[in-house]
There are 2 protein chains.
Amino acid sequence: MSTLIAHLRSTVGAAHVLTHDDPATDLSAWEQDWRKRAHGRALAVVRPGNTAEVAAVVKACAAAGASIVPQGGNTGLVVGGVPDNSGTQVLLSLTRLNRVRAIDGANLTMTVDAGCVLQNLQTAAAQAGFLFPLSLAAEGSCTIGGNLATNAGGTQVLRYGNTRDLCLGLEVVTAQGEVWDGLSGLRKDNTGYDLRDLFVGSEGTLGIITAATLKLYPQPAAKLTAWAAVPSMQAAVELLGLAQQRLAAGLTGFEVMGQFALGLVDKHFPQLRVPLWQDTPYCVLLENSDFESEAHARGLFESLLETAFERGTVTDAVVAENLTQAKGLWNIRESIPLAQAEEGLNIKHDISVPVSSIPAFCEATDAELQRAIPGMRLVNFGHLGDGNLHYNVQAPEGVDGKAFLRDEEERINTLVFDAVARFGGSISAEHGVGSLKATKLPHYKNPVALSLMRAIKSALDPQGLMNPGRVI
Amino acid sequence: MSTLIAHLRSTVGAAHVLTHDDPATDLSAWEQDWRKRAHGRALAVVRPGNTAEVAAVVKACAAAGASIVPQGGNTGLVVGGVPDNSGTQVLLSLTRLNRVRAIDGANLTMTVDAGCVLQNLQTAAAQAGFLFPLSLAAEGSCTIGGNLATNAGGTQVLRYGNTRDLCLGLEVVTAQGEVWDGLSGLRKDNTGYDLRDLFVGSEGTLGIITAATLKLYPQPAAKLTAWAAVPSMQAAVELLGLAQQRLAAGLTGFEVMGQFALGLVDKHFPQLRVPLWQDTPYCVLLENSDFESEAHARGLFESLLETAFERGTVTDAVVAENLTQAKGLWNIRESIPLAQAEEGLNIKHDISVPVSSIPAFCEATDAELQRAIPGMRLVNFGHLGDGNLHYNVQAPEGVDGKAFLRDEEERINTLVFDAVARFGGSISAEHGVGSLKATKLPHYKNPVALSLMRAIKSALDPQGLMNPGRVI
């Protein structure tokens, strides 16, 4: 392995190959995952500076039989981007590939390196007068390469789709160290298999994404946010349907939040002043991106909410008066994960079922959980418009979180995942599989799909060196 | 092979296995392609009635080593769905799989058999109060399975995407005759590789699509169509950008038509009364789908066109007064292929380049063609919003079309495809590869992409029995 290290040093420069040989070097920023569920030990952290160097690193590793774990901002939630404990894996960090290569306004595209931080891409697009709509909690640190590798979701999926839907082309280093230049600003190209969408979401197990051409959109003239109390999850689904009819593509956000989740925000961050949560089982946050004017957006919202009141779909509502208020409402939604952390450890899920099944799923699964763990508390919130809930289970009042996780996590996961399967859903809606859920797939994924996936993995990575143990 | 035929008859019923053994049976409806460029000879035409029968047919063929050519409505334009001349291939017709399995309004999805005719699906969606937006010239005969297999485009791609973008899940019979039930109404599912998008667009070379879950959309309140004369292709691109900013997702159609193409419609179908074409190099058809009202749509169009006049982007324009006028304008656009057929045979292309490159591509390639074939006439029209042109070359006035095709098709294809490649485009934007362009891919497709495609083909169809000779 020392030959490999020497080769890597000569390829990317000694300064960009970090190893444990120097006892002063702390690699935990790369070796430990975001949620601190795993801490591995890498043979080396390698930080190439361009695509050719990535290809050379992959070729060197392939020749040496060393496996590669690609990493972007290391903000993943499923332990997909940190090395195992063997001390034999090369951690390939993409963060030095951080250039915006081109912005093409007339084509509504930008071509960017994989290591660009998502927020920087949002800013680059905005400075050119456009919107890059991908938006999620980790946007200040996550990289677009990681977003693509995990097909990240976020809050704007309802209108703009997942990361996959925002990508027109890729540059990929294959498991053999070849560079596939599939960067494309084309919206139509039917010359063969959809390799782009195969690499997107493959979590580094088929190749390394080094760059992408992404869709841009015109900036809306105004964004307006409303907050509505709904009497039930069924009412929330009905409000969604009404909002889709009235606002059409203007509806860019539709988040649901359960009373207990909002109560936690109120308890731990009272300064955020959560509205309307005390007398209702759920609140909904709606966002309307309008291409005419704020007044037009407000008129549409008012008419929508009026109809919803009449139908009893909404019992109370506020529309943000200005951008600060709108940000405040989003801030409440985004503070739920922090508030639940303040309350103690909990068992997190990232599930989806068809939107039409959400009310029945919640009713059945809430009751089943309550029977299994009397007093358990449900932090239920998420992207209702996408059928995606973060359906997290908090220990009963007074029960120690650590002990709860140790004793109950497996049982609760099984209960929730079995319910998801009954409703035709997914046990990983937007976070991916990683190591955390790789062992679950054989139970919850269609066996024919799994065998197709294995065939593809063997075909593209016959040595099995690309992020092994992840996904399949 | 007679054992195979007997096996197939016992599987799907003798009435649904047609062979040449009976000299009275005419199989040319299945053996000849839509554009009559190829006429093959099948071992048998097999018409299974459900997914289990499709699987049984594939298993029987795999055991017998017989290759399979799947076919839907047989409206493809690239000779992808008819058998070769060997008399050994099984033509698998999916048209008996024609049920709408379910419509889920709250989830905005419908699940349908692969053999459903596209227009029937548009109707089924409309009857349930929703829009299924896929729309193309062959919609009265083509099937959704064929649309999926070729990732068909059409006139609404600008807003709703290609067929791939309208699909949430698939049911597929693999090359081994296993059924993958990947029907899913989920908008988010990150549990592994994107098999759905791999089968979509694979033209039957990896497996047989037997059903799909498709996205529905709310019906717009009004649809308004405008027709504008623009002074140049560059002006058309500028008008597109302005329309995208002003109408955002309301802009559901943006078609460009060259003067010669419109002149042919005027000449052969004078009753269609083509507006504004005589004094301008290009006309543009814009469609605005509005979720408020026709008055609102009209206001937006008027303001858009006013700005465009002021900027000189548009020199003249009409807005349809009613649905009949709107249909009349679309009819002109859709009559271009018929009008060029009336004028004689021509050399057809289905190319795309980045929208921003369209003006330069046209300027350079028009001139190059004119130098190569003085007097050649360009029937240039297409989906400008997608960067997709049907850039067809008609013989010079008075030259025989048949002779022109025979003598010049190869040279003109090479000239156009080379130009497309220089501008980073695709030689097949929306029609697929089939047999017609399979031999072109090695010249115009990235070699790393081709080797990835071959690896996937070998992995999923190791016997090479699924629609051989197509795509790769």
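In this assembly of identical copies, the label point of B:LYS59 (Cα plus 7 Å along Cα-to-Cβ) is separated from its counterparts by 4.8 nm, sorted shortest first. Interface burial in region A:168-216, defined as at least 40 Å² less accessible area with all protein chains than with the chain alone at a 1.4 Å probe, covers A:TRP180, A:LEU186, A:ARG187, A:LYS188, A:ASN190, A:THR191, A:GLY192, A:TYR193, A:ASP194, A:LEU195, A:LEU198.
Shielding by partners for A:31-37, please: the mean number of other protein chain Cβ atoms within 10 Å of each residue's Cβ. List each step's numbers first, then the result.
Details: counts 0, 0, 0, 0, 0, 0, 0.
If you average over the peptide's residues, the count of other-chain Cβ atoms is 0.
Hey, with R₀ at 56 Å, roughly what FRET efficiency would B:ARG371 and B:ASN120 work out to, going by the Cβ-Cβ distance, to 0.05?
Working: r = 48 Å, r/R0 = 0.85.
In this case the efficiency is close to 0.70.
Relative to the longest principal axis of the Cα atoms of chain A, the long axis of helix A:358-372 makes an angle of roughly 80 degrees. Which lysines have a Cα less than 16 Å from the Cα of B:LYS327, not counting those fewer than 8 places away in the same chain? Qualifying lysines at Cα under 16 Å: B:LYS223. Site pair A:LEU272 and B:ASN322 shows an inter-label distance of 5.5 nm when each label is modelled 7 Å from Cα along Cα→Cβ. A cut-off of 5 Å between modelled amide H atoms, ignoring neighbours fewer than 5 places along the same chain, links B:GLY169 with B:SER184, B:THR213.
Packing order of peptides B:357-363, B:381-387, A:318-324, highest average first: B:381-387, B:357-363, A:318-324 (average count of other Cβ atoms within 10 Å over each peptide's residues). Between copies, the label points of B:ALA421, set 7 Å from Cα on the Cα→Cβ line, lie 5.0 nm apart, reported in increasing order to one decimal in nanometres. Working from Cα positions, state the angle (0 to 90°, nearest 10) between the long axis of helix A:259-268 and the longest principal axis of chain A. With rounding to tens, the tilt is 80 degrees. How high is the FRET efficiency between A:ARG99 and A:ASP26 when r is their beta carbon distance and R₀ equals 25 Å, given to the nearest 0.05? Once the sixth-power term is evaluated, E becomes 0.35. Of the solvent-accessible surface of region B:210-345, computed with a 1.4 Å probe and all protein chains present, 50% belongs to carbon and sulfur. Identify all aspartates and glutamates with a Cα-Cα distance to B:LYS440 below 13 Å; exclude those on the same chain that are fewer than 8 residues away in sequence. Counting by Cα, and skipping residues close in sequence, B:LYS440 has these aspartates and glutamates nearby: B:GLU410, B:ASP418. Counting Cβ atoms of other protein chains within 10 Å of each residue's Cβ and taking the mean over peptide A:245-256 gives 3.
Taking square-rooted eigenvalues a ≥ b ≥ c of the alpha carbon gyration tensor, is region B:149-269 rounded, prolate or oblate, where a/c under 1.5 means rounded and, failing that, a/b exceeding b/c means prolate?
Details: a/c = 2.91, a/b = 1.97, b/c = 1.48.
It is prolate, given that a/c is not under 1.5 and a/b is the larger ratio.
Since only A:LEU285, A:HIS20, A:ALA102 are under comparison, the one whose Cα sits farthest along the positive direction of the charge dipole of the protein assembly as shown, derived from C-beta charges on Lys, Arg, Asp and Glu, is A:HIS20. Taking each of A:LYS457/B:LYS457; A:LYS348/A:LYS402; A:LYS437/B:LYS188; A:LYS348/A:LYS437; A:LYS188/B:LYS457 in turn, the alpha-carbon distance tops 18 angstrom for A:LYS188/B:LYS457. Interface burial in region B:103-128, defined as at least 10 Å² less accessible area with all protein chains than with the chain alone at a 1.4 Å probe, covers B:ASP104, B:ALA106, B:ASN107, B:LEU108. Surface composition of region B:21-135: carbon and sulfur atoms hold 47% of the protein heavy-atom accessible area at a 1.4 Å probe.
So, with a 1.4 angstrom probe, what is the percent of accessible area on region A:363-472 that is carbon and sulfur? Carbon plus sulfur share of accessible area: 54 percent. Count Lys and Arg as plus one, Asp and Glu as minus one, and take only other residues whose Cβ is under 13 Å from that of A:LEU329; the net charge is then 0. Placing +1 on the Cβ of every Lys and Arg and -1 on the Cβ of every Asp and Glu, with no other charges, gives the protein assembly as shown a dipole of roughly 1660 debye about its Cα centre. Between the alpha-carbon centres of region B:163-215 and region B:232-259 there is a gap of 33 Å.
A 1.4 Å probe run over the protein chains yields, for the protein assembly as shown, 35 Å² of accessible area per residue, whole-number rounding. Residues of region B:327-359 that bury at least 30 Å² of accessible area once all protein chains are present, compared with their chain alone (1.4 Å probe, heavy atoms only, ligands and nucleic acids left out), are B:PRO354, B:VAL355, B:SER356. Put a plus charge on the Cβ of each Lys and Arg, a minus charge on the Cβ of each Asp and Glu, and nothing anywhere else: the dipole of region B:203-298 about its Cα centre is then about 100 debye. Annotation for region B:240-337: trypsin sites (Lys or Arg not before Pro) lying in DSSP loop with at most 13 further Cβ atoms inside 10 Å of their Cβ are B:ARG273.
Interface between chains A and B: roughly 6200 Å² of accessible area buried, both sides summed (probe 1.4 Å, protein heavy atoms only).
The values are calculated or read from the model by the stated rules, or taken from the named source; none is laboratory data. Everything numeric here is computed off the predicted structure, so don't read it as measured data. Every residue, glycine among them, receives a Cβ derived from its backbone with ideal geometry; neighbour counts consider all protein chains shown. With ligands, DNA and RNA removed, areas are computed over all heavy atoms of the protein, side chains included. Shrake-Rupley method; radii C 1.70, N 1.55, O 1.52, S 1.80 Å.
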